[in-house]
Amino acid sequence: MLIFSHNKNTMSTIELYNALVKAGVDDQKAKAVSESLVTFDDAKHFATKEDIEKFKSEFFKILLIHTGTIIASVGVMLAFIK
């Protein structure tokens, strides 16, 4: 199955496939090369270690803030109950 690339700066997979077939490349080989382009193009969307570390850092900051808010809220409720 051929999928179109959404990046305007790159050739779409179908364009690559058509160019390879026109140049005389076997249909199956042209399809395989075109599909590998999709895999390579999609790889740029993977998170790097730096991305994951940044996410973890931000996540734990937010978690700490919310945990503190919950503890403070419980303290205020307990103060009103007494």
Accessible-area value, S57, 1.4 Å probe, nucleic acids and ligands omitted, Å²: 50
Accessible area of F60 in the full protein assembly, 1.4 Å probe (Å², nearest 10): 120
Contour minus Cα-Cα distance for V21 and A79 (0.36 nm per residue): 13.2 nm
Inter-label distance for I71 and K49, nm, one decimal - labels placed 7 Å from Cα along Cα-to-Cβ: 3.2
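The values are calculated or read from the model by the stated rules, or taken from the named source; none is laboratory data. The model shown is predicted, which means the values in this text are computed figures rather than measured ones. Virtual Cβ from ideal backbone geometry, glycine too; neighbours counted across all protein chains shown. For accessibility, only protein heavy atoms count, side chains too; no ligands or nucleic acids. Shrake-Rupley method; radii C 1.70, N 1.55, O 1.52, S 1.80 Å.
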